[in-house]
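The values are calculated or read from the model by the stated rules, or taken from the named source; none is laboratory data. As the structure is a prediction and not an experimental result, all values here were calculated from the model. Ideal geometry is used to build each Cβ from the backbone, glycine not excepted, and the neighbour counts take in all protein chains shown. We work out accessible area using only protein heavy atoms, side chains counted, and drop any ligands, DNA or RNA first. Shrake-Rupley method; radii C 1.70, N 1.55, O 1.52, S 1.80 Å.
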Amino acid sequence: MQAAMEISARYCQKELEAYGSCVASNPSTWQQMCHDLKMKVSKCTSTHPVIQKIRQDCSQEFVKFEQCLRENQDSPTTCTPHVSRFLGCAETVDLSGVATNPAHQSS
């Protein structure tokens, strides 16, 4: 989860900040009040070309990380090596030719 958040924060920072601010401002009603912002975060993380490229190129590492989390729900730190491998892979993805700030992000 941390690995996905780091990558999402890098490329969907505006959406995550707006959502986080909404949640903080609405402690008892954030599920209803912030739903639209949550959907914007979800859209960004599922459609951003850089994130798509990382998911594609590092899918094996990410699948192993998710599997580790499912198998070790009570001790997620067991999956630290999986996170490291995923982030290591993400850092090596060739992003040349991938739009890092697509027009659809400026909504």
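A few points about this structure:
- Residue check, K40 among the charged types (D, E, K, R), open to solvent by 70 Å² or more (accessible area, probe 1.4 Å) and in contact with an Asp or Glu (Cβ under 8 Å, 6 or more places away or on another chain): yes
- Listed conditions (1) over 17 Å from the mean Cα position of the chain (by Cα); (2) modelled with pLDDT under 85; (3) assigned to a helix (DSSP H, G or I) are all met by L69, apart from (1).
- Residue match in region 35-42 (condition: modelled with pLDDT under 90 and part of a helix (DSSP H, G or I)): yes
- Residues of region 54-67 satisfying the condition of being buried (at least 17 other Cβ atoms within 10 Å of the Cβ) and out of contact with any Phe, Trp or Tyr (no Cβ under 8 Å at 6 or more places or on another chain): I54
- Residues that are in a helix (DSSP H, G or I) and open to solvent by less than 70 Å² (accessible area, probe 1.4 Å) were ranked within region 43-53; the one that is farthest from Y19 (Cα to Cα) is K53.
- Unmet criterion (only one of (1) open to solvent by 80 Å² or more (accessible area, probe 1.4 Å); (2) among the hydrophobic types (A, V, I, L, M, F, W, C); (3) closer than 30 Å to C89 by Cβ) for M33: (3)
- Output for region 72-92, where each listed residue is surrounded by fewer than 16 Cβ atoms within 10 Å (Cβ to Cβ) and at pLDDT 85 or above: N72, T78, T80, P81, S84, G88, E91, T92
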